[in-house]
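One structure is given below, encoded as structure tokens.
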Amino acid sequence: MQKLLTLLILAQTAPLSYHSTLREMIFHSSFMSKLVLLFLLFFSVLSWAIIIDKFRAFRKLERENHHFLELFRGKLSSFEHIYRQSQNYSFSSVAQMFRSGYRQILAEREHRRKAEEISESTGSAVILLDQNRERILFAIEQTAREEMNFLEKLLTFLATAGSVSPFIGLFGTVWGIMNSFRGLGIHGSASIGVVAPGIAEALIATAAGLAAAIPAVIAYNHFLGRLNSASEVMSDFTREFMGRLVP
């Protein structure tokens with residue numbers, strides 16, 4: 001163990017003789033090390049693509065939710081007017097929920113008109129039976145679940161990348177140390193030229209694993225917080241929507 005620590009210190013303090021740049025060290029590394037770096041590159045690139053896409057999606061969602069709730073809470077806004085305007089909020093989860101609920105209201109109105117010939121109410125207040133309210137609530141909650149599933153899509157990959165990448169990097173580290181010991185066995189000496197390539201592979205794999213994992217973990221926790229906030233907004237909107245229906 002002490003001998004290995006000495007080799008690590010020598011590898012960090014002694015100058016490299018041939019593969020002096022990072023690109024050269026990667027190019028001249030072993031096949032397994034290149035394979036490890038390729039996996040980590042895949043995780044990193046895909047993680048950043050998801051991060052950018054989710055950041056834009058949540059930003060549009062929160063902005064349009066805010067504007068739609070202002071419209072919904074307007075004193076002079078009827079359900080019919082809100083429904084027409086809701087077509088302009090394609091990224092808003094609460095607008096999608098409202099459209100589902102309002103379409104169910106229209107279906108209940110038509111059903112009651114045919115069955116009981118009860119006149120329709122006007123404005124934002126709708127006269128409904130308990131059974132009608134349950135079907136409307138189910139339609140809204142079903143849309144809310146679909147919106148949550150859409151927002152959660154691909155977030156599990158960030159969690160996977162954040163948890164798996166360090167272990168892939170650790171595998172590359174172990175492989176590099178193994179190459180160092182192999183070089184010692186073949187050459188029968190402990191010179192820096194023998195152990196430096198293996199140590200370099202180990203350090204590069206460790207750094208690559210952390211570089212892929214850290215942004216993924218940070219982004220996952222960030223989006224998880226925004227996802228919880230969006231869920232609370234949808235829950236509040238459900239209660240607010242149902243509260244505007246007159247029993």
Practice item. Would you tally the residues in segment 147-159 being surrounded by fewer than 18 Cβ atoms within 10 Å (Cβ to Cβ), touching a helix residue (DSSP H, G or I) at 6+ places or on another chain (Cβ under 8 Å) and part of a helix (DSSP H, G or I)? Key: 5
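Residue by residue, here is whether (1) closer than 30 Å to residue 166 by Cβ; (2) modelled with pLDDT of 85 or more; (3) assigned to a helix (DSSP H, G or I); (4) acidic (Asp, Glu) holds:
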{"site": "40", "(1), (2), (3), (4)": "yes, yes, yes, no"}
{"site": "60", "(1), (2), (3), (4)": "no, yes, yes, no"}
{"site": "80", "(1), (2), (3), (4)": "no, yes, yes, yes"}
{"site": "85", "(1), (2), (3), (4)": "no, yes, yes, no"}
{"site": "90", "(1), (2), (3), (4)": "no, yes, no, no"}
{"site": "118", "(1), (2), (3), (4)": "no, no, no, no"}
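The values are calculated or read from the model by the stated rules, or taken from the named source; none is laboratory data. Worth saying up front: this structure is predicted, and the values here are computed from it rather than measured. Virtual Cβ from ideal backbone geometry, glycine too; neighbours counted across all protein chains shown.
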